[in-house]
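**Q** Before we start, here is the structure in question, set down as structure tokens.
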Amino acid sequence: MEKLAVLGGTPVRTKPFPSWPIYGEAEERLLLEVLHSGKWGGTGRVKLEALETEFAKLQDAQYAITTANGTIAITLALKAAGVQPGDEIILPPYTFIASATSVLLFGAIPVFVDVEADTLLLNPERIEAAITPRTKAIMAVHIAGCPADMDRINTIATKHGLAVIEDSAQAVGAKWNGVGVGALGTAGTFSFQSSKNINSGEGGMIVTNDRDVADMAWSITNVGRVRAGAWYQHEHIGWNFRMTEFQAAVLLGQMTRLQEQIQHRERNGLLLENLLGQIDGIATMRRDPRVTVHARHLFMFRVTTDVASSVGKEEIIRRLQAEGIPVAAGYVPLHRNAAVLSEIRKLTGAEPSYECPVCEQACANEVLWLHQNVLLAEEDDMRDIAMAVNKVMANLS
Ligand SMILES: *Cc1c(COP(=O)(O)O)cnc(C)c1O
């Protein structure tokens, strides 16, 4: 058996994976156009207009509204959909903390419902048990760039008169049944923070097919103004959550490479799933056939042997990293976060308690991540990853 790199053996690879962001002449040219135009803010609206039009088309939505970031995009979408302080929002605990803090930002209450072990997406079977008279919305999080089961979620929401917000921060370009995410529920939100699949440093977007939701989201983002109104005509309580022309310029540049990068990640993702699937004790994520485009923001896979009783997940990560594979541990359970729980306690006056054992097991023992830039490497690099995982799994003790 080959000696592990952590024990002084030769690492499987030392070559780095592609770095992120990727940018070029398009971003340079578009940024300079904004600079020289003198229209830099979110009220001149030249690049912003172009970006919103292009992004709405990308996600098959009628309306798109740019925002300062992906967190505030969720808050604004919830508010525009009519969610009020004290209303309950059902969401999964296997996600970035912003999915919950965007709810807490205006005093709405996150209610955590467990995920499916083989997708890490909100488990539709468990939603109805969590619905109360105070429930106003379901937040589907398309984690890793993989669309959640929007057919089931929409059916449940319709039955109970709930809004559906799609946190699509990781899912730019993803499609469910041939339709872009964000356009499937009441509204969908995106992030353009540095790590995301298109990136302007910071930035966010709301998409929707509902004219009223679009107008309200636009208004709250723009200090309560109305689209065709006068400068000092503030019809709602809103704030300045606008994106700048510079960010829109960078994103228009990033979008010129998006489809090619989606296809590149998909090719390597499928290959890696195939290779890892052949290794004892490793499982890849189940993919519903209705996921017609997977954005592959993260490549997640599971260690299914009982690692808790062997070396443990942290040690597996240390060994894989020593072999030259940049795996990460991923999320910790959001329904156990002390700050989140304390805020919910403050808002409800009651002790929150959630049963999410699948999320806890995934975080503690099972799930490993590779970031999207890793999938932008070449085919041989995927073979290196599989070789390293095979080597580490063959030496589990
Ligand atoms: C990145 C992310 C957000 C927040 O987006 P920001 O632009 O960083 O505010 C929300 N939800 C998920 C799932 C994310 O990955």
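The values are calculated or read from the model by the stated rules, or taken from the named source; none is laboratory data. Worth saying up front: this structure is predicted, and the values here are computed from it rather than measured. Positions of Cβ are backbone-derived with ideal geometry, glycine not excepted, and every protein chain shown enters the neighbour counts. Note: areas computed on protein heavy atoms with side chains; ligands, DNA, RNA excluded. Shrake-Rupley method; radii C 1.70, N 1.55, O 1.52, S 1.80 Å.
**Q** Of everything in region 72-101 that's among the polar types (S, T, N, Q) and touching a residue at least 60 places away in the same chain (Cβ under 8 Å), which residue is surrounded by the fewest Cβ atoms within 10 Å (Cβ to Cβ)? Step through it out loud before you land on a result.
**A** Of region 72-101, the ones among the polar types (S, T, N, Q) are 75, 84, 95, 99, 101.
The next check asks that each one be touching a residue at least 60 places away in the same chain (Cβ under 8 Å); those that pass are 95, 99, 101.
Values: THR95: 24, SER99: 26, THR101: 18.
Per the stated criteria, the residue is THR101.
**Q** Additional query: Would you tally the residues in region 168-220 being touching a Pro at 6+ places or on another chain (Cβ under 8 Å), within 12 Å of the ligand (Cβ to nearest atom) and open to solvent by 30 Å² or more (accessible area, probe 1.4 Å)?
**A** Result for region 168-220: 1.
**Q** Determine, yes or no, whether ALA108 is within 16 Å of the ligand (Cβ to nearest atom), surrounded by 22 or more Cβ atoms within 10 Å (Cβ to Cβ) and within 20 Å of the chain's Cα centre (by Cα).
**A** On the way: within 16 Å of the ligand (Cβ to nearest atom): yes; surrounded by 22 or more Cβ atoms within 10 Å (Cβ to Cβ): yes; within 20 Å of the chain's Cα centre (by Cα): no.
The answer is no for ALA108.
**Q** If you don't mind, another one. If I ask for residues that are part of a helix (DSSP H, G or I) and of a type in the set (Asp, Glu), which ones from region 329-385 would you list?
**A** Quick first cut of region 329-385, residues part of a helix (DSSP H, G or I) only: 334-336, 338-348, 357-366, 372-376, 379-385.
Residues satisfying the conditions are GLU343, GLU360, GLU366, GLU379, ASP380, ASP381, ASP384.
**Q** Does any residue of region 139-161 turn out to be polar (S, T, N, Q), in contact (Cβ under 8 Å) with a residue 24 or more places away in the chain, assigned by TED's automatic domain parsing to the domain that holds LEU104 and in contact with a His (Cβ under 6 Å, 6 or more places away or on another chain)?
**A** Looking for residues that are polar (S, T, N, Q), in contact (Cβ under 8 Å) with a residue 24 or more places away in the chain, assigned by TED's automatic domain parsing to the domain that holds LEU104 and in contact with a His (Cβ under 6 Å, 6 or more places away or on another chain), one finds none in region 139-161, hence no.
**Q** Mind listing whichever residues of region 1-44 are surrounded by 15 or more Cβ atoms within 10 Å (Cβ to Cβ) and closer than 21 Å to SER194 by Cβ?
**A** If the condition is that a residue be surrounded by 15 or more Cβ atoms within 10 Å (Cβ to Cβ) and closer than 21 Å to SER194 by Cβ, then PHE17, TRP20, PRO21, ALA26, GLU27, LEU30, LEU31, VAL34, GLY42 are the ones that fit.
**Q** Any idea which residue in region 234-251 is nearest to LEU31 (Cα to Cα), counting only those that are in a loop (DSSP other than H, G, I, E, B) and among the charged types (D, E, K, R)?
**A** The extreme case among them is ARG242.
**Q** Where residues in region 55-71 are in a loop (DSSP other than H, G, I, E, B) and open to solvent by 10 Å² or more (accessible area, probe 1.4 Å), which of them is farthest from the ligand (Cβ to nearest atom)?
**A** The extreme case among them is GLN62.
**Q** If we keep just the residues of region 283-299 that are within 14 Å of TRP369 (Cβ to Cβ) and in contact (Cβ under 8 Å) with a residue 24 or more places away in the chain, which is farthest from the chain's Cα centre (by Cα)? It would help to see each step written out before you state the result.
**A** Filtering region 283-299 down to residues within 14 Å of TRP369 (Cβ to Cβ) leaves 284-285, 296-299.
From the residues that got through so far, the ones that are in contact (Cβ under 8 Å) with a residue 24 or more places away in the chain too are 285, 296-299.
Details: MET285: 16, ARG296: 10, HIS297: 7, LEU298: 9, PHE299: 12 Å.
Filtering first and then ranking leaves MET285.
**Q** Out of all the residues in region 322-333, which are under 24 Å from the mean Cα position of the chain (by Cα) and either open to solvent by 10 Å² or more (accessible area, probe 1.4 Å) or at positive phi (or both)?
**A** PRO326, ALA328, ALA329, GLY330, TYR331, VAL332, PRO333
**Q** Here's another thing I want to ask about it. Can you pull out the residues in region 277-328 that are within 23 Å of ALA174 (Cα to Cα), of a type in the set (A, V, I, L, M) and outside any strand (DSSP E or B)?
**A** Once the filter is applied, which keeps residues that are within 23 Å of ALA174 (Cα to Cα), of a type in the set (A, V, I, L, M) and outside any strand (DSSP E or B), region 277-328 yields MET285, ALA295.
**Q** Answer with yes or no whether SER342 is modelled with pLDDT of 95 or more and either out of contact with any helix residue (DSSP H, G or I) (no Cβ under 9 Å at 6 or more places or on another chain) or open to solvent by 70 Å² or more (accessible area, probe 1.4 Å) (or both).
**A** Taking the combined requirement at face value, the residue satisfies it.
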